[in-house]
Amino acid sequence: MVVAQGQRWVVLKFGGTSVSRRNRWDTIGRLAAKRMADDDARVLVVVSALSGVTNALTAICAGDGIPARVEALVERHRAFCADLGLDADRVLGERFGVLRALGADPRAGALALDWQAEVLAQGELMSSTLGAAYLRAQGHDVGWCDARDWLDAVSLPNASEWSQRLSVNCQRDVDAGFGERFAAQPTAMLITQGFIARHRDGSTAVLGRGGSDTSAAYFGCLLKAQRVEIWTDVPGMFSANPREVPDARLLTRLDYAEAQEIATTGAKVLHPRSLGPCRHAGVPMAILDTERPELPGTRIDSAAATLPGVKAISRRNGIVLVSMESVGMWQSVGFLADVFERFRRHGLSVDLIGSAETNVTVSLDPSENLVSTNVLEALSADLEEICRVRVIVSCAAITLVGRGMRSMLHKLSGVWAAFGKERVHLISQSSNDLNLTFVIDEADADGMLPFLHAELIDSGAMPVHETGVFGPRWREIEGQLRPKPTPWWIGERSRLLALADGPTPRYAYHLPTVRERARQLAAIEAIDRRYYAIKANSHPEILKALVAEGFGLECVSLGELRHVFAVLPAMDPARVLFTPSFAPREEYEAALGMGVTVTLDNVEALHNWPDVFRGRRLWLRIDLGFGDGHHEKVTTGGKTSKFGLAAGRVDEFVEAARALGIGIVGVHAHLGSGVETRAHWRQMYDDLAGFARRIGTVEVLDIGGGLPIPYGADDEPFDLRDWAEGLAEVKAIHPAFQLTIEPGRFLVAEAGVLLSRATQVVEKDGIRRVGLDAGMNALVRPALYDAWHEIVNLQRLDAAKDGVFDVVGPICESSDVFGHRVQLPAGTAPGDVMLVADAGAYGMSMASTYNLRALPAEDVIE
Ligand SMILES: *Cc1c(COP(=O)(O)O)cnc(C)c1O
């Protein structure tokens, strides 16, 4: 192709998932060609490493099992080359050589920073090289360039050695000849690497996490490009995290400052550092979806109408507040300087600040800081020299972002009222009038976002009628393209109806669904060991199916242990965990006698029953929601839990264990069920790893269960991929430990249904009730936890749901209600077979004979 003079560039950036599959590379080629034709442009394609590769390289940089990891990476790229129909040795042979040489480099011993940067750079060098080869094979005329020849790292004052090598900023102002030199490359289409740059000493530097977005932005800035397009696997930025708020709207147009604020306070779509260079050069940006290129995406430019109003609401978890009291501090010159100097010393950057005459409270944002218990302790000790300190962990920052926040306060009364019910630790309004942040306890923030989002729309504070800014709802976009999978029981309807001809109520479990969930978890590379928490459902066929899928079993009582070995006599005890709570001495003795892995969660057991545990290998369950001891300055949201050893007593436990010759080989934390965000899991793993290092003998980190399932029609399915990515990140930071999980609900909930027959249909004071022969004795979750379960009339599955009923059971308790205002066919009549969905977890295992009603029967469907 002939390159015309003066053609301007369009920069296209593709992330890890977009470069890891062949069909995605076809998309890249197509999009690049289209841009050249439509925009009369030259195209620079900036790519990340294949997904997971940077994590693997990070593990190499930790110096751990280098040769094996290098070979695994070579294999991974070989396999992908084969997929692309490329000769791996011809295309990547030289790069494999470089990677192997780096693995054997003498600098590896000291984990030298320049060596680490070179190692990290290999991922992008390999992906861009194989991408160029593939595109050429598809007939594209594409050149390859080394990003290090064009992006120069700059050193900032105060920057650490580490950040000057592994998290660099680059030059934004270049000499006039730069564009000309770059344009002299012969092909109209070029491919280069994200993430890497030239260190001022001529060697390699990298831009840090999310660096590929930033690389694209630097190229856009230096080349004065027409546009920088960030191609990802989401449709763009939203007015709230769509996983929490399905009504969130796509933001189709933002100015740089708003986009910056949204990227910084929540959305993970665009790395916040990437806005700066484009803003500097006035280059428009766009965020687009590789899978759905027809969607409008989010466009960011300086010409965006500065429409006042809230554009987005976000929530960040894992916020740590440090509250500092000092009498009359304003009189003492330099107090704040003293304070901040101490934060700097511990490598902590401060996000929000609130101050009063005698108190300064600041927040630490975990995305910028690796806030571990040890660091907080050290900081507290340091600060104690100049003031009284209180550390408040597990806070959430809820931020409203948008132009003209001050002029909108009168519309926010509903928002203030919502917060009025909670304890607000800190309110901060940014000086650029772009954000308003409330810091509250994390537990209080649960479920708030959908409410606040709706409130902002109702009050007019979020002007969603402005179609130039607010695009379609997430729910609409997803509904069109990714309808919810049909539940298994629709396909098995006639079998279920036949089963219901037997006595009801009865449970039915679909083993293929159990296996499907098991395989989803087994596919997550970062997880080394998987156990199933059998208390969720201990049906023999389910246990057998999960053991056959490679799961171990987690028990919480001697009864469960005996059940396991009765069902599976050949089960290797090494694959069974025993994690009881307040169990009697005999159960520990019996469990140890069986040879299973016992988890202890208190010191008293060691003191009182030394002979039971002497010389054993044990796991230790820790309550990460800190309590007393030397953590007395650290309080949680006031949660009181009977589980786990208080973090402040770990040292005491270790000492007692040592005296008894006990080896602590695992540490465990199970935070309970519910929606856990990625940051949450990460924090948990970091904390566990901190303890594990201190203990010294630990091999296994067990992060428990608690994976949610979507019970409600509007619940988003748990984002396994996001979770897996988060785990891969923490695993890369702490590669020495075996990451272990022990979910219950996730594996079995959706596989089970409760079948029952309608007994009576009764109207009273305008409310129609349909009674089932199943009650809270058969499924207690609605009565106990206000749990929501989908209920359908299986007999009349195809009839319109034109009636509204309360669905109740036959138990003499007013809480014996399965659902209020449930939509069912108006003709629902006594004798109909009714189905309660997602009842496979904590259904039968919590059933009782209350009112002397019989236990439900159980069936298994293959
Ligand atoms: C109940 C329990 C689990 C499983 O919890 P789910 O929410 O069902 O995933 C895991 N570990 C322990 C220790 C438990 O008590």
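Readers should treat all values here as calculations from the given coordinates under stated rules, not as data from a laboratory. The shown structure was predicted, so the numbers you read here are calculated from the model rather than taken from an experiment. Ideal geometry is used to build each Cβ from the backbone, glycine not excepted, and the neighbour counts take in all protein chains shown.
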note = When 588, 218 are arranged by how many other beta-carbons sit within 10 Å of their Cβ, fewest first, they go 588, 218
request  = Compute the whole-percent fraction of alpha carbon pairs in the range 400-461 spaced more than 20 Å apart.
outcome  = 23
query = How much FRET efficiency would the formula 1/(1 + (r/R0)^6) give for residue 659 and residue 586, where r is the Cβ-Cβ distance and R0 is 35 Å, rounded to 0.05?
reply = 0.90
key: Pairwise label distance in nanometres, residue 694 with residue 200, each label 7 Å out on the Cα-Cβ vector   = 4.0
message = Order these by the 10 Å Cβ neighbour count, fewest first: 532, 711.
response = 711, 532
Under 14 Å, Cβ to Cβ, from residue 101 - net charge with Lys/Arg +1 and Asp/Glu -1 = -1
request  = Please report the base-10 log of the normalised intensity I(q)/I(0) for the range 9-233, using a Debye sum with one equal scatterer per alpha carbon and no solvent, at each q in 0.09, 0.11, 0.15, 0.17 (1/Å).
outcome  = -0.34, -0.52, -0.97, -1.22
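Hey, any idea what Rg/Rh is for the range 750-861, computing Rh the Kirkwood way over Cα pairs? Display every interim value, and only then the final one.
Numbers: Rg = 13.1 Å, Rh = 14.0 Å.
Using Cα coordinates only, the ratio equals 0.94.
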note = So, over other residues within a Cβ distance under 10 Å of residue 837, counting Lys, Arg +1 and Asp, Glu -1, the net charge is -3
message = Need the C-alpha centroid separation for the range 801-831 versus the range 532-581, integer Å.
response = 36
task = Please work out the FRET efficiency for the pair residue 410 and residue 7, using the Cβ-Cβ distance as r and a Förster radius of 41 Å; give the result to the nearest 0.05.
result = 0.20
query = Taking other Cβ within 10 Å of each residue's Cβ, how do 407, 51 sort, fewest first?
reply = 407, 51
request  = Taking 7 Å along the Cα-to-C-beta vector as the label spot, tell me the residue 528-residue 430 distance in nanometres, rounded to one decimal.
outcome  = 4.1
query = For residue 253, which sequence-distant residues (separation of 5 or more, or a different chain) have an amide H within less than 5 Å of its own amide H, given hydrogens modelled in the peptide plane?
reply = 299
request  = Could you calculate the FRET efficiency of residue 146 with residue 62 from 1/(1 + (r/R0)^6), where r is the beta carbon distance between them and R0 is 25 Å, rounded to 0.05?
outcome  = 0.45
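Where does the chain land at 222 nm, in deg cm²/dmol rounded to the nearest 500, when only DSSP H runs of n ≥ 4 count, each adding -39500 (n - 2.57), divided by all residues?
The helix-only estimate for the chain comes to -10000 deg cm²/dmol at 222 nm.
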inquiry  = Regarding the range 310-462, what's the average projected area of the Cα-atom convex hull, expressed in nm²?
reply    = 9.3
message = So if each residue of separation counts as 0.36 nm, and I subtract the Cα-Cα distance between residue 764 and residue 40, what length gain in nm does that give?
response = 253.5 nm
request  = Measure nothing but the geometry: give the 0 to 90° angle between the long axis through the Cα atoms of 720-733 and the longest principal axis through the Cα atoms of the chain, rounded to 10°.
outcome  = 70
query = Farthest toward the dipole's positive end in the chain, which of 150, 241, 485, given Cβ charges of +1 (Lys, Arg) and -1 (Asp, Glu) about the Cα centre?
reply = 150
ask   = Quick one: length gained pulling residue 800 to residue 850 fully straight, 0.36 nm per residue minus the C-alpha distance?
value = 14.5 nm
Net charge over other residues, Cβ less than 13 angstrom from the Cβ of residue 201 (K, R count +1; D, E count -1) = 0
Whole-Hz couplings from phi, Karplus 6.51/-1.76/1.60, listed for the range 145-161; x for Gly and Pro = 9, 8, 4, 5, 6, 10, 9, 9, 5, 10, 9, 9, x, 6, 6, 6, 3
task = Quantify how much of the Cα-Cα distance distribution of the chain extends past 47 Å, in percent.
result = 30
query = What full-extension length gain, to one decimal in nm, is calculated for residue 604 and residue 162 as 0.36 nm per residue of separation minus the Cα-Cα distance?
reply = 154.7 nm
